[in-house]
Amino acid sequence: MLKCVYVNGQFLQRRNAMIDVEDRGFNFGDAVYEVIFLNNGILVDEEEHLNRLEYSLSELSIALPKSRRVLSLLIREVIRLNKITNGFVYLQVSRGVAPRDHLIPDNITPSLVIMARSSNLIEKPSIRNGVSVITVPDLRWHRRDIKTTQLIANCLAKSDAVKAGAGEAWMVDENGAITEGSSSNAWIVTTNRELITRPPSSEILNGITRRTIIELAKEERLDFHERGFTTSEALKAAEAFFTSATSLATPVLSIDGQQIGSGKVGPVTKKLQAMYVKFASSA
Ligand code: PDD
């Protein structure tokens, strides 16, 4: 439950928190955000998330609303006020408030919202046991490297997945290649034990969990390849999984109703999951 939130300079009970109806984040999705995994009081990869926040803001010419040090302090205060040790932090910066106009105004003050939610992510059944995935066309714009709040295509994809009894949707580009999940990065392990994920570009979000898993895979000397893969290659994979701050490394047991590998959580996925949980407990 969200009890206390930070909104533009104040820590408030959620019911008292207000956003202006002409906040450009609300009117246009003119806002960026970050989600940070909180594990036993540890903000996992906090620096990397704040780096990406700065990147997203600079790509949209929105000013960083507070210094990095102050942002970190505010995040910790929201966690403390809500008495949360496990879950995630949500941080959103919008361009700010201005009379509704598509023309982007100069020099308005960005709005900052920070929330924290309690959740035992490591114990989530989907992460332990795996889920099925469906594929859907990728309907988004072509600056997916910027973590904006314009997420309607992602929300539609996720909702289609859940309606189909699946846990995530993998989005497919015009060449038949999988871009990423509705809120995660997509991975496969081929029958030759090659670990594959799509390289970062403006077509995907460069996931922070993705980057950490790559480091762990290298540490484990896995045969890692950063390249695109198609739906048909994914269907032939030995294992598949997806990564994000809230799904960690979630095993994929089937894609579009077709079983992947043994249909059980595979050994490479299991190993990377264990390494990631260890990393997240010691960061
Ligand atoms: N989403 N791709 C998309 C489209 C995402 O929305 C996310 C994360 C990721 C994974 O990024 P990271 O590993 O940095 O969490 C990839 C968050 C969790 C969300 O929207 O809730």
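What follows draws every value from the coordinates through simple rules; no lab data is involved. Source: prediction; values computed, not measured. Here Cβ is always computed from backbone atoms with ideal geometry, including for glycine, and neighbour counts include all displayed protein chains.
For the chain, the relative contact order is 18 percent, taking Cα pairs closer than 8 Å that sit 6 or more residues apart in sequence and dividing their mean separation by the residue count.
For the pair residue 235 and residue 104 in one chain, pulling the backbone fully straight at 0.36 nm per residue adds 42.8 nm over the alpha carbon distance. Were the residues from residue 211 through residue 174 laid out at 0.36 nm apart, the gain over their Cα-Cα distance would be 10.8 nm. Only lysine pairs 8 or more places apart, or on different chains, with alpha-carbon atoms under 20 angstrom apart are counted in the stretch 125-280, and they number 7. For the stretch 4-119, the convex hull spanned by the alpha carbon atoms encloses 95 Å³ per residue.
Can you give the FRET efficiency to the nearest 0.05 for residue 150 and residue 192, using r as the Cβ-Cβ distance and R₀ = 51 Å?
0.85
Each listed q (0.11, 0.12 Å⁻¹) maps to a log10 I(q)/I(0) for the chain from the Debye sum over equal C-alpha point scatterers, namely -0.65, -0.77.
Translational diffusion of the stretch 74-226, estimated by Stokes-Einstein from the Kirkwood radius over alpha carbon pairs at 25 °C in a medium of 0.890 mPa s, is 135 µm² per second.
Subtracting the Cα-Cα distance of residue 223 and residue 80 from their residue separation scaled by 0.36 nm leaves 47.3 nm.
Hey, got a sec? Which trypsin sites (Lys or Arg not before Pro) in the stretch 24-92 land in a DSSP loop and have at most 12 other Cβ atoms within 10 Å?
Hits after loop and neighbour filter: 83.
Among the trypsin sites (Lys or Arg not before Pro) in the stretch 168-227, those located in a DSSP loop and surrounded by at most 15 other Cβ atoms within 10 Å of their own Cβ are 193, 221, 227.
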